[in-house]
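Novice: Handing you this structure, nothing more for now.
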Amino acid sequence: MNSSFFAHPTAVIDPGADIGAGTAIWHFSHLMPGCKTGRNCSIGQNVVIMPEVVLGDNVKVQNNVSLYTGVICEDDVFLGPSCVFTNVINPRSSIIRKHEYMQTYVGKGATIGANATILCGHRIGAYAFIGAGAVVTKDVPAYALMLGNPARHAGWMSEHGHRLHFNEERIAVCKESRQKYQLTGNSISRID
């Protein structure tokens, strides 16, 4: 275990948890054997990170989030307070389905809003933005804004987290970064 991270005295870090340098782990959180966090992550209060979960660098996990086996987050992901991940499609208390865990992949820079639910087996694209309380039941394209239950595509977001508005040439400019984006079909890409 790496000693170059901070853990609040009430945090439980099991042997075999791999924690990146500069990571902070707050009150009553539990990191289990075989989980991995990158560098400079922030693990909020009352968070559980199960075996085989992988977090990239600079991932922010807010309070009351449980990350179950099968969740993989790339760098710079934001997981809002009390968001929910699942790892079995049809759980039953009396039936063991550990061999049926499904992977959920969250791409670089994506945001999952407070109280959102991500059903297992889906990919959240880079810089996607899942609104608070949304329920994701399918794959999400990069930069997509998803709202509602079930989550519906409601627009596009910049890498800085601002809604994009496209002109007649299908170009949008982020109001904060001034980065430009091109809409092509049902996807967007950043252009320089």
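Novice: Considering (1) touching a residue at least 40 places away in the same chain (Cβ under 8 Å); (2) touching a Cys at 6+ places or on another chain (Cβ under 8 Å), say which one N186 fails and leave the rest.
Specialist: Answer for N186: the failing condition is (2).
Novice: So, one more: I need every pair where a residue in the range 161-183 that is under 22 Å from D76 (Cβ atoms) has its Cβ under 6 Å from the Cβ of a residue that is charged (D, E, K, R), sequence separation at least 6 or different chains.
Specialist: H162/K175; H162/E176; V173/K180; Q179/R190; Y181/R190
Novice: I'd like the full set of residues that are over 14 Å from P81 (Cβ atoms), under 17 Å from the mean Cα position of the chain (by Cα) and of a type outside the set (K, R), limited to the range 32-47.
Specialist: C35, T37, G38, N40, C41
Novice: Okay, next question. Can you go through K98, K108, K138 and tell me which one is in contact with an Asp or Glu (Cβ under 7 Å, 6 or more places away or on another chain) and surrounded by fewer than 20 Cβ atoms within 10 Å (Cβ to Cβ)?
Specialist: When all the criteria are applied, what remains is K108.
Novice: Next question. At least 1 residues that are more than 30 Å from T86 (Cα to Cα) in each: list the strands (runs of 3 or more DSSP E) lying fully within the range 134-192 that qualify.
Specialist: 171-173, 180-184, 187-191
Novice: Let me ask another. Return the residues of the range 64-82 that are in a loop (DSSP other than H, G, I, E, B) and in contact (Cβ under 8 Å) with a residue 24 or more places away in the chain; say none if nothing qualifies.
Specialist: Once the filter is applied, which keeps residues that are in a loop (DSSP other than H, G, I, E, B) and in contact (Cβ under 8 Å) with a residue 24 or more places away in the chain, the range 64-82 yields Y68, T69, G70, E74, D75, D76, V77, G80, P81, S82.
Novice: A further question on this structure: Out of (1) part of a loop (DSSP other than H, G, I, E, B); (2) buried (at least 18 other Cβ atoms within 10 Å of the Cβ), the odd one out for F28 is which?
Specialist: Only one criterion is unmet by F28, namely (2).
Novice: Restricted to the range 89-108, and to residues that are out of contact with any Gly (no Cβ under 9 Å at 6 or more places or on another chain), outside any strand (DSSP E or B) and not charged (D, E, K, R), which residue is nearest to G56 (Cα to Cα)?
Specialist: If we take residues in the range 89-108 being out of contact with any Gly (no Cβ under 9 Å at 6 or more places or on another chain), outside any strand (DSSP E or B) and not charged (D, E, K, R), then H99 is nearest to G56 (Cα to Cα).
All of the numbers you see were taken from the coordinates with simple rules; none came from a lab. For clarity, every value in this text was computed on a predicted model and none was experimentally measured. Cβ: placed from backbone, ideal geometry, glycine included. Neighbour counts: every protein chain shown.
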